[in-house]
Every structure is written in C-alpha cells, then in structure tokens.
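Following: one structure in structure tokens, then a few remarks.
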Amino acid sequence: MPHHLSVRIDPNSGFCFGVIYAIQMAEDLLDEQGYLYCLGDIVHNDEEVERLERRGLRIIDYEQLAGLRREAVLIRAHGEPPSTYQMAMENELTLVDASCPVVLKLQNRIKTSYDKQDQIFIYGKHGHAEVRGLLGQTSGNAVVFESLEELLGHELPPSLTLYSQTTKSTDSFYRIKNELTERGYEVNANDTICRQVSNRDKDLRRFAAQYDQVVFVSGTKSSNGKVLYQVCKDTNPATHFISKLDDLDYGWFMPGQSVGICGATSTPMWQMEQIRDALLAL
C-alpha cells in the first residue's frame, strides 16, 4: 500500500523556553497542592489550558484576583503590569512569577526609558497580555500601535522611541522604523523581538518548502501563531491552519503526499504528535 502519507513534525516548533518554564512551574505546584490559580490563560492554546485545568489549574481574571486572599497565583510568561504586583501585596497573595526573562528585560528597558521621559511607541497588539504589562511600565502613557497606518494616524513627535512586543515579526518592525526615518523622524529603535521567535521565521520557511502539504497548529488567540502561519503560507500555499484535531480535513491530502506539521511557540508537542498519528493512521 504505497498510498500512505509521509508525515514529519518540525523539530523547531512547539513551546518556547518561556512557556516551557511556566508550564513546568504550574505542573510542579499542581503536584504539590492539587490546585493553582493562574492569572489569564497560561498559554494561548485552549487544548493545553484544558489539559492543565483537568489537573487543577484555575484560570482567573483581574476581577477574581481582587477577591482572593492569601493564595498562590501564577503569573504566566507574558508578564504583568506593576498594578498586579501592588494588588498581590495588598491581598497578601503569593505570586509565583513565571514571567519570561525576555519579557522582564523588556519591561525594565521600557521603565528606564519612560523615567528618562522618552516618547514611547510600542509595536504590538492592543489588549494583549504582554502589551498590558509593557504599557503598565509607563503608567499607561506609551502609545501602542498595530500597523504603520495606525502609527501615522497619531500626532508624532520629531523624536520617538520605538519598542516591540517580543513576538512580532522582525521584518515588519524594521520596515516601520525605516519608513519613519525616511519621513524625517528621529527614531531610537529598540529591537526587543525574541530571537527564539524571529529565528523560527527562517527555520519555518525551510521546513514548509519541503512538503506537499503543511498543517500549522496553533491556538486562535496566539499572536505569534498568526505571524508564523503567514510565514508558512507565503512559502507554501498548501498550508492549513488548525487549532485542534477536529479541524483536520482529510480531503486536503492525496495518497502518498508528504505532510509537514508545525506550530506556534504556544503549541504543545503532544498536540502536533496527536495530529501526526491521525494522519499516519489514514
């Protein structure tokens, strides 16, 4: 039967170290105490969140946080604004801080920059967990923008300081910087994009080019999933976005084709393996 698909998972896909660290911390605490509060989704992947909830993870929002007393609460890799730490102190909460070191470093840089009274502009997604933490370093005074068009809609100072959410595309960041410079603005650009994310661009292009079909697995809430899916799709038009096994359409594949499976920095390996096994069973 030469009809079977040949399927391979991208070895560079899956959790980045920040997410691995946060989930490891959560699992250790769940083993110890049987339950754990986590502020916001621990990772932008519903399937992984559900797996951890079955083990006792309790996802809470800010409103629920305000009502907690003397409990341990996990701060996920995305980081939090200073107001969260303030509330934790007032409510005698123990924060288990799994903020990613790359994000913490960026928070510190933005705070220092703000204290020097720089005019700060952050390339990122409005309302995104990481962006809220960054904005908090400036008491909410920095300007967040999602595109060059949106940025140019603002009254811009002659000299501005540019930062980026860690999971944005490096190419887009530099395009924005160059466009501003060409328009005569003095730009102090801080490329704070995580290299583990930006290097995946190149790896993914190489990976996606090798297969007849590519299945990109990511939660719908993942910012970096959207960026990386686009990278795959641009390289290989036969790329399909799915967020869970049920989204898989077996009609996409022809007998004997090669299939590559890859994902975002928030996509668990077990999920990619589950999809691989389903395809191999065809």
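The values are calculated or read from the model by the stated rules, or taken from the named source; none is laboratory data. What you see is a predicted model, and the numbers here were worked out from it, not measured in a lab. Cβ sites come from the backbone with ideal geometry, for glycine too, and all protein chains shown count toward neighbours. Just the protein is used for accessible areas: all its heavy atoms, side chains included, with ligands, DNA and RNA removed. Shrake-Rupley method; radii C 1.70, N 1.55, O 1.52, S 1.80 Å.
Within the stretch 249-275, the set of residues being modelled with pLDDT of 95 or more, under 16 Å from the mean Cα position of the chain (by Cα) and of a type in the set (S, T, N, Q) comprises Thr267 only. Identify, please: which residue in the stretch 4-28 is open to solvent by 30 Å² or more (accessible area, probe 1.4 Å) and among the aliphatic types (A, V, I, L, M) and is, among those, farthest from Glu71 (Cα to Cα)? In this case the residue turns out to be Ile20. No other residue among Ile110, Ile120 is in contact (Cβ under 8 Å) with a residue 40 or more places away in the chain, more than 20 Å from the chain's Cα centre (by Cα), closer than 29 Å to Gln196 by Cα and crowded, with 20+ Cβ neighbours inside 10 Å apart from Ile120.
Among the residues of the stretch 97-112, those that are farther than 21 Å from Glu150 by Cβ, outside any loop (DSSP other than H, G, I, E, B) and not acidic (Asp, Glu) comprise Pro101, Val102, Val103, Leu104, Lys105, Gln107, Asn108, Arg109, Lys111, Thr112. Criterion applied to Glu48, Glu32 was being modelled with pLDDT of 95 or more and open to solvent by 20 Å² or more (accessible area, probe 1.4 Å), and the one residue passing it is Glu32.
Condition check for Val143 on (1) modelled with pLDDT under 95; (2) of a type in the set (A, V, I, L, M, F, W, C); (3) touching a Phe, Trp or Tyr at 6+ places or on another chain (Cβ under 8 Å): one failure, at (1). When the stretch 51-109 is filtered for residues that are under 14 Å from Ala22 (Cα atoms) and of a type in the set (Ser, Thr, Tyr), only Ser99 remains. The residues of the stretch 116-138 that are in contact with a helix residue (DSSP H, G or I) (Cβ under 8 Å, 6 or more places away or on another chain) and assigned to a loop (DSSP other than H, G, I, E, B), listed by number, are Gly124, Lys125, His128, Gln137, Thr138.
Only residues that are in contact (Cβ under 8 Å) with a residue 40 or more places away in the chain and either touching a Ser or Thr at 6+ places or on another chain (Cβ under 9 Å) or surrounded by fewer than 13 Cβ atoms within 10 Å (Cβ to Cβ) (or both) were counted in the stretch 52-80, giving 6.
Of the helices (runs of 4 or more DSSP H) lying entirely inside the stretch 169-282, the ones with 1 or more residues being touching a residue at least 24 places away in the same chain (Cβ under 8 Å) and over 30 Å from Tyr114 (Cα atoms) are found at 195-208, 223-235, 269-280. Of all residues in the stretch 141-166, those that are under 13 Å from Tyr185 (Cα atoms) have Cβ atoms under 6 Å from Cβ atoms of residues that are crowded, with 21+ Cβ neighbours inside 10 Å, 6 or more apart or on another chain, in Leu160/Phe121; Thr161/Ile120; Leu162/Phe121.
When you check Ile42 against the structure, is it within 18 Å of Trp270 (Cβ to Cβ), buried (at least 22 other Cβ atoms within 10 Å of the Cβ) and touching an Asp or Glu at 6+ places or on another chain (Cβ under 8 Å), yes or no? Considered against the rule, which asks whether it is within 18 Å of Trp270 (Cβ to Cβ), buried (at least 22 other Cβ atoms within 10 Å of the Cβ) and touching an Asp or Glu at 6+ places or on another chain (Cβ under 8 Å), Ile42 comes out as yes.
Looking only at residues of the stretch 148-202 that are of a type in the set (Gly, Ala, Ser) and farther than 21 Å from Val231 by Cα, we find that the one that is surrounded by the fewest Cβ atoms within 10 Å (Cβ to Cβ) is Gly184.
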